[in-house]
Amino acid sequence: MTVTTTTSSPRPLAARRILIVIAVCAVLVALGAWIAGLFDGMIDLRVYRMGGSVLLHGDALYDAQLAGSGLPFTYPPFAAIAMVPLAAVPWGVALVVWTTISVLCITLLWRTSLTKTFWSFVTQRKRTAVLAALTVLSLMLEPVWQTLQFGQINLLLTAMILLDLVRPADARLRGFWLGVAIGVKLTPLPFLALLIVTKQWRALRNAVFGLLATMAVGFAIVPHQSWRYWTDVILDANRVGGLAYTGNQSFNGFLHRLGNDASWVQPTWFVLSAVFGLLVLWLSRRYWLADERVTAISVMALAVLYASPVSWSHHWVWIIPLGVSLIRAVNRVWGLNPAVVAGVLWYGLFVLRSIWWVPYRDDRELNWTFWQSIPGNSHLILGLLAFVLLAVTSRSLTRQDENKSSKPPAV
């Protein structure tokens, strides 16, 4: 008699584990949101739901304002369409689902950013614990907490872009999700330049296809609102709030805090953004060609953050992969101990939330002293230091490439 034994396939087991992780995360998120009082806040999530609700009721999307705050919907029509499911469920359900997605994206960012070398020192059983610990500790980072507190979409978009572009060059529809991210929120648009300078034509095609697909969906469902957005609303930077506000950690915000509405502000912003953008493209391309993809993408994110008319502090969630890139670069050139110091300083300074140490709101930023402007622009200062450090350490990448190319061909 033959006895056959059946073993459960790995895929159902993996699926069950993922579902368990998501369920546990959702329960912890609900408990944490209740303790932190988030159920009464998360104003950006309320704006997203307003956009979805307006579409459900057939009202004018870009005339609507959130009750009690007057905040308008500032995103492309596709973003409002994507938010319809959140608008159709009770507030508490939407909050828990949305925040759970954001928290899981933190985990994905760490999992993707950390190298195989790092994971080789961590046993399989401990990897989940390490990722959970990093995720919890990340909640102390100013951009991450601001994203969760406001119910922002930044963690989701960052994870979409990073996970999409680190895939192998021949991966199916690689670049498509970058295009979708642009269709949800225009700020990732400069990433297309990275695809161009590194000659990733297939990914570029897919990204353009993804963007056009989101536009097509918008015109198919809400044609009048789509036409209004792409011809009028997109040009109105004032819809997003005060440009001089300390939370605007971009070149434009910095210059407005110096000169407010002076005539030199806009042309100076344009020149600074163009010059820095070219420098970022040069450095990002160098890291990409050295197969340092996470670093290349993170460096490119700096161009997005600095050149955008508005980069709220919660847009800076890119500090997670950028910090890992800094640690790797310092370790490669100067060794482990300096790398640990660089990592502690990088993440620790964002934990301090120094941009909120100084007077802000009601244009008080216009009267900062020199010493107040240092913590008030600390995200910008740290980003520039990171760029310089990565540029300096990139010399070792060049030398390595030259050494490889100078070797005689194998016989």
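The values are calculated or read from the model by the stated rules, or taken from the named source; none is laboratory data. Predicted, not measured: the structure shown is a model, and the values here were computed from it. In this analysis, Cβ positions are derived from the backbone assuming ideal geometry, glycine residues included, and neighbour counts consider all displayed protein chains. Protein only, heavy atoms only, side chains kept; ligands, DNA and RNA dropped before computing areas. Shrake-Rupley method; radii C 1.70, N 1.55, O 1.52, S 1.80 Å.
Mean-square fluctuation check for the chain, GNM, Cα pairs under 10 Å: which of ARG353, ARG17, ARG205 is largest?
Highest fluctuation of the listed residues: ARG17.
Could you calculate the FRET efficiency of GLN266 with THR369 from 1/(1 + (r/R0)^6), where r is the beta carbon distance between them and R0 is 25 Å, rounded to 0.05?
Values: r = 25 Å, r/R0 = 1.00.
Between GLN266 and THR369 the formula returns 0.50.
Work out how much length ALA213 to THR231 would gain on full extension: take 0.36 nm times their residue separation and subtract the Cα-Cα distance, in nm to one decimal.
On the way: separation 18, 0.36 × 18 = 6.48 nm, distance 1.79 nm.
Once the chain is fully extended between ALA213 and THR231, it gains 4.7 nm.
Considering only protein heavy atoms, what per residue accessible area in square angstrom results for segment 103-230 with a 1.4 angstrom probe? Please list the in-between numbers first.
Working: 6220 Å² over 128 residues.
Accessible area per residue: 49 Å².
Explain nothing, just the number: dipole magnitude of the chain about its Cα centre with +1 on each Lys and Arg Cβ and -1 on each Asp and Glu Cβ, in debye rounded to the nearest 20.
Numbers: 32 positive and 17 negative charges, 364 e Å.
Computed about the Cα centre, the dipole is about 1740 debye.
Below 8 Å, C-alpha to C-alpha, sequence gap of six or more: please give me the relative contact order for segment 134-188 in percent.
Details: 26 pairs, mean separation 11.7, N = 55.
Relative contact order, segment 134-188: 21 percent.
On full extension of the chain, what length is gained from ALA391 through ARG125, given 0.36 nm per residue of separation minus the C-alpha to C-alpha distance?
Length gained, ALA391 through ARG125: 92.1 nm.
How large is the helix-only mean residue ellipticity at 222 nm for the chain, computed as the sum of -39500 (n - 2.57) over DSSP H runs with n ≥ 4, divided by its residue count, in deg cm²/dmol to the nearest 500?
Numbers: 20 runs with 279 residues, N = 411.
Only helices count here, giving -22000 deg cm²/dmol.
Rounded if a/c is under 1.5, else prolate if a/b is larger than b/c, else oblate: which is the chain, with a ≥ b ≥ c the root eigenvalues of its Cα gyration tensor? Can you show the working numbers first?
On the way: a/c = 1.41, a/b = 1.09, b/c = 1.29.
Rounded shape, in that the Cα axes give a/c under 1.5.
7 Å from Cα along Cα→Cβ at both ILE22 and ARG293: what's the point-to-point distance in nm?
2.4
For the peptides 87-96, 18-27, what is the packing order when you average, over each peptide's residues, the other Cβ atoms within 10 Å and list the highest mean first?
Working: 87-96: 15.9, 18-27: 13.1.
Packing order, densest peptide first, comes out as 87-96, 18-27.
Could you please state how large a percent of the accessible area of the chain is carbon and sulfur, counting protein chains only and using a 1.4 Å probe?
On the way: 13950 of 20980 Å².
In the chain, the share of accessible area belonging to carbon and sulfur is 67 percent.
Fully extended, how many nm does the chain gain between LEU352 and HIS224 (0.36 nm per residue separation, minus their Cα-Cα distance)?
Numbers: separation 128, 0.36 × 128 = 46.08 nm, distance 4.52 nm.
Computed gain between LEU352 and HIS224 is 41.6 nm.
Nearest 0.05, what FRET efficiency do VAL341 and ARG202 give at R0 = 51 Å with Cβ-Cβ as r?
Working from the Cβ atoms, E equals 0.80.
Spin-label point model (7 Å from Cα, Cβ direction): what's the ARG167 to VAL275 distance in nm?
In this crude spin-label approximation the distance works out to 3.9 nm.
Give me the distance in nm between label points sitting 7 Å out from Cα along the Cα-to-Cβ direction at LEU66 and LYS116, one decimal.
The modelled label-to-label distance comes out at 4.4 nm.
With unit charges on the beta carbons (Lys and Arg positive, Asp and Glu negative) and the dipole taken about the Cα centre of segment 123-279, which residue among MET160, TRP269, VAL217 sits farthest to the positive side?
MET160
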